[in-house]
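Enquirer: Right, I'll just put the structure down here and ask away after.
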Amino acid sequence: MLYHPKGKYVWDTWYYICDDELHCIHLQVPRPDFPCSSREAGALGHAVSDDLVHWRNAGIALYPGDEGSYDDDGIWTGCVEKCGEVYYMYYTARAQKEQGRINRIALATSTDGWHWTKHAQNPILIPDGRWYANEYSPIRLYGHGYPIVDCRDMCVVKDPEGKGYWGFFAARRHAQTN
């Protein structure tokens, strides 16, 4: 992708089609010589193309939440899937109170593919402690020195047999010891 908004680094992109154009949602951080607010730095960027070569900046797709919210430490990778007339954006949410070490999956919706509203009951997916590391039983990763909980990078796809949707996400489970 040959798109870089002025003064930003871009990575982790995901795409959807809206009004015969390809939309790109992406992670972004400011370049060292380009100051911006921490709220903007932790936001999801938005770009649009009709030929996959020329991209135009569509601004911010979604901002982190207000201080004290489930997603006030920046929002990360996810996906967009349309069902009926509604676009569903799943994204990784992190909170400052946990220094961003616990990831959860949240949801925003849009009826036009441009303007997003966060779901009132976010986060919608947290790791179940029966199968995954969770906030009550985090994993201390080698080399990190602090506990972490992954529940991130949601990818939703239509069931090939037409029986709904499948959701896949990244999580960690505790290793078995003998």
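The values are calculated or read from the model by the stated rules, or taken from the named source; none is laboratory data. For clarity, every value in this text was computed on a predicted model and none was experimentally measured. Cβ atoms come from the backbone with ideal geometry, glycine included; neighbour counts cover every protein chain shown. Just so you know, the surface numbers come from the protein's heavy atoms only, side chains and all, with ligands and any DNA or RNA stripped out. Shrake-Rupley method; radii C 1.70, N 1.55, O 1.52, S 1.80 Å.
Enquirer: Residue by residue, what Karplus-based ³J(HN,Hα) values in Hz, rounded to whole numbers, does the range 163-172 have, using 6.51, -1.76 and 1.60 with θ = phi - 60° and x for Gly and Pro?
Expert: 9, x, 9, 10, x, 10, 8, 8, 8, 10
Enquirer: Starting from the range 64-159, pick out the trypsin sites (Lys or Arg not before Pro) whose DSSP state is loop and whose Cβ has at most 15 other Cβ atoms within 10 Å. Each step should come with its number before you reach the end.
Expert: On the way: sites: Lys82, Arg94, Lys97, Arg101, Arg104, Lys118, Arg130, Arg140, Arg152, Lys158; in loops: Arg101, Arg130.
Those satisfying the criteria are Arg130.
Enquirer: Here is a follow-up. Which ³J(HN,Hα) values in Hz, rounded to whole numbers, follow from the phi angles of the range 21-37 under the Karplus curve 6.51 cos²θ - 1.76 cosθ + 1.60, where θ = phi - 60° and Gly and Pro get x?
Expert: Computed from phi, the couplings for the range 21-37 are 10, 8, 9, 10, 9, 8, 7, 7, 9, x, 6, x, 9, 10, x, 8, 5 Hz.
Enquirer: Please report the carbon-and-sulfur percent of the accessible area for the chain; probe 1.4 Å, protein heavy atoms only, DNA, RNA and ligands left out.
Expert: Working: 5440 of 10560 Å².
Answer for the chain: carbon and sulfur cover 52 percent of the accessible area.
Enquirer: Taking the Cα centre as origin and putting +1 on Lys and Arg beta-carbons and -1 on Asp and Glu beta-carbons, what dipole magnitude results for the range 118-178, to the nearest 20 debye? Walk me through the numbers before you get to the answer.
Expert: On the way: 8 positive and 6 negative charges, 15 e Å.
In total the dipole reaches around 60 debye.
Enquirer: Using modelled amide H (1.01 Å from N, peptide plane; none on Pro or chain starts), what sits under 5 Å from the amide H of Leu62, excluding residues fewer than 5 places away?
Expert: Residues meeting the criterion, in which the H sits 1.01 Å from N, are Leu44.
Enquirer: Another question about this same structure. Size of the range 46-126 along its principal axes in angstrom, Cα-based, largest extent first?
Expert: Principal axes ranked by extent give 42, 27, 17 Å for the Cα atoms.
Enquirer: If amide H atoms are built 1.01 Å from N in the plane of the peptide, which residues on other chains or at least 5 residues away come under 5 Å of the amide H of Gly100?
Expert: Those lying under 5 Å, H to H, from Gly100 are Ala95.
Enquirer: For the pairs Lys97/Lys118; Lys118/Lys158; Lys97/Lys158, note any where the Cα-Cα span goes beyond 24 Å. If you can, show how the numbers build up before the last one.
Expert: Numbers: Lys97/Lys118 20 Å; Lys118/Lys158 22 Å; Lys97/Lys158 35 Å.
Where the Cα-Cα span goes over 24 Å, the pairs concerned are Lys97/Lys158.
Enquirer: Report the Rg/Rh value for the chain, based on alpha-carbon coordinates and the Kirkwood definition of Rh.
Expert: Values: Rg = 17.1 Å, Rh = 17.3 Å.
Rounded to two decimals, Rg/Rh equals 0.99.
Enquirer: How much accessible area per residue does the range 61-178 have, counting only protein heavy atoms and a probe of 1.4 Å, in square angstrom?
Expert: Values: 7150 Å² over 118 residues.
For the range 61-178, the per-residue accessible area is 61 Å².
Enquirer: Give, rounded to the nearest 20 debye, the magnitude of the charge dipole that the chain has about its Cα centre when Lys and Arg contribute +1 at Cβ and Asp and Glu contribute -1 at Cβ. Provide the component values of the computation, followed by the final result.
Expert: Numbers: 18 positive and 23 negative charges, 149 e Å.
Around 720 debye, computed over the chain.
Enquirer: Just to be sure I follow the definition: excluding the sites themselves, where is the longest run in the chain that has none of the chymotrypsin sites (Phe, Trp or Tyr not before Pro) in a DSSP loop with at most 10 other Cβ atoms within 10 Å? Walk me through the numbers before you get to the answer.
Expert: Details: sites that count: Trp131, Tyr136, Tyr142.
Here the longest segment lacking exposed loop sites spans 1-130.
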